[in-house]
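Peer 1: Here it is, the structure in full.
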Amino acid sequence: MSILAGYRVLDFGRYIAGPYCATLMADFGADVIRIEKVAGSEDRYMNPVADDDSGALFMQVNRNKRGMTLNPTKPLGREIVEKLVATADVVVANLPPAGLKAIGLDYESLKQIKADIILTTASAFGRGGPYSERVGFDGLGQAMSGGPYLSGMPEQPNRFALPVVDFGTAMMSAYGTVLALLHRERTGEGQMVEGALLRTALTFSNSYLIEQAVLATDRVGTGNRSQLTGPADIIRAKDGWLMIQVVGQPLFERWAKMIGQPEIIDDPRFRTDLDRGDNGELLSDMAREHARNLTVAEALEAYGAAKVPAGPLLSPQQALDDPHIRAVGYLQDTDYPGMASAAPLATTPVHMTAGGGSINSRPPTLGEHTDSILSELGYDEKTIAELRQARIV
């Protein structure tokens, strides 16, 4: 039996942090209702890949959900929200505090409808500070954490292209929500669970912040090269690129012997990981020289034989074609109406030997389950038609 079967989640989220939090719960059996604007929420249409303009991001973060449209700003819409909340265990809404209050999804309003409700929110900056009402996306969290400053070069900081802060916030929010459900099982109490993009980003960058606070190292960016160990860099081979990461003395000794330079093991410049980070450009040069006349496959064979971590730098298509990624089932081909081919959805990012998550249904088309959900709430066909005519749903 799926671990979260029997729980209902209302997903008022948008983009990633809220919707993917709800998706993770849906993967484990929760009944998740994705609630969108009548014309479709903005995040549905990013990177369109289907005939109805539903996008790649929407495909990823909305599988296993039922979908309905609703305008909660109108009185009849608020009435439907209240009926939905009365049936729910969790409401997910990644909006700033004022936005939640404006549509009746703030915790105090929800408690009046269902005393033990759990509200899970995710905002850009969190509440309680001068930025609380500001809106923001993943890139802002990254930028304010120190990450892009350290990831690029002094003359050009680099934002990481993948929305890691959004997905990290979604995962932490799902974690908090499940803990809140466990707390409710023990105490009968609901609560509010708050994620924030900046909080997640600062968690990711915390070791650098600690070092700065204690030692005032004032690090600047070194691109792909690590400052804390070495060699750890993206290295060019004859026909492509590979990532190498040497961490710790045993790996460094194996690497030095592999490239035919065992004498550097006793070089004082490379005595510790931090020394190797401080002199990392020298080590990267040695790694480049070693790989210069090798294909990626040949270089990886050498690294593999020496048991030193290395992997190929893959394009998106190469990642899709990678035999390991396919063999272990990290991607699941999922059809969607009007899409030229199946979407390779990333499966639940944690494996469990019992009660694990799975993809059981494609993302919903716009408003696909509106009528059936309203019927469950007691609305008859005539009333549903009137609500649709009035653009409430």
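Peer 1: If I stretch the segment between Arg254 and Asp335 completely, what's the gain in nm (0.36 nm per residue apart, minus their alpha carbon distance), one decimal?
Peer 2: Answer, rounded to one decimal: 24.5 nm.
Peer 1: Quick check: convex hull of the Cα atoms in region 302-376, volume per residue, rounded to a whole Å³?
Peer 2: So the per-residue hull volume is 146 Å³.
Peer 1: How are the Cα pair distances of region 232-314 distributed, in percent, across 5 Å bins from 0?
Peer 2: Cα pair-distance distribution for region 232-314, in percent: 3, 16, 29, 28, 15, 7, 1, 0.
Peer 1: Excluding same-chain pairs closer than 8 in sequence, count the lysine pairs in the chain whose Cα atoms lie under 20 Å apart.
Peer 2: Total qualifying Lys-Lys pairs in the chain comes to 15.
Peer 1: Using the Cα centre of the chain as the reference point, and only Cβ charges (+1 on K/R, -1 on D/E), how large is the resulting charge dipole? Debye, rounded to the nearest 20.
Peer 2: 500
Peer 1: With N denoting the number of residues in region 128-255, provide Rg(C-alpha) divided by 2.2 N^0.38 Å, to two decimal places.
Peer 2: Output field value: 1.37.
Peer 1: What percent of all Cα-Cα pairs in the chain falls in each 20 Å bin, counting up from 0?
Peer 2: Going out from 0 Å in 20 Å bins, the chain shows 24, 48, 24, 4, 0 percent.
Peer 1: Of the beta bridges DSSP finds with both residues in the chain, what % are antiparallel, to the nearest 5?
Peer 2: Here the antiparallel bridges make up roughly 40 percent for the chain.
Peer 1: Select from Val32, Ala93, Val81 the residue farthest towards the positive end of the dipole of region 1-109; place +1 on Cβ of Lys and Arg, -1 on Cβ of Asp and Glu, and compute about the Cα centre.
Peer 2: Val81
Peer 1: Can you give the log10 of the normalised intensity I(q)/I(0) at q = 0.10, 0.18 Å⁻¹, computed with Debye over equal Cα scatterers of region 207-348?
Peer 2: Debye intensities relative to I(0), on a log10 scale: -0.46, -1.01.
Peer 1: A further question on this structure: Of Gly357, Gly128, Tyr7, which is farthest along the charge dipole of the chain in the positive direction, counting Lys and Arg as +1 and Asp and Glu as -1 at C-beta?
Peer 2: Working it through, the farthest residue towards the positive pole turns out to be Gly128.
Peer 1: Just order 346-358, 23-35 by mean Cβ neighbour count inside 10 Å, highest at the front, would you?
Peer 2: By packing density, highest mean first, the sequence is 23-35, 346-358.
Peer 1: So, one more: Sort 41-47, 16-22 by packing, meaning the average of other beta carbons within 10 Å per residue, with the highest value first.
Peer 2: Put in order of decreasing packing, that is 16-22, 41-47.
Since every read-out is calculated from the coordinates, none of them should be taken as a lab result. On a predicted model such as this, the values are computed, not experimentally measured, just so you know. Please note: Cβ atoms are built from the backbone with ideal geometry, for glycine as well, and neighbour counts cover all protein chains shown.
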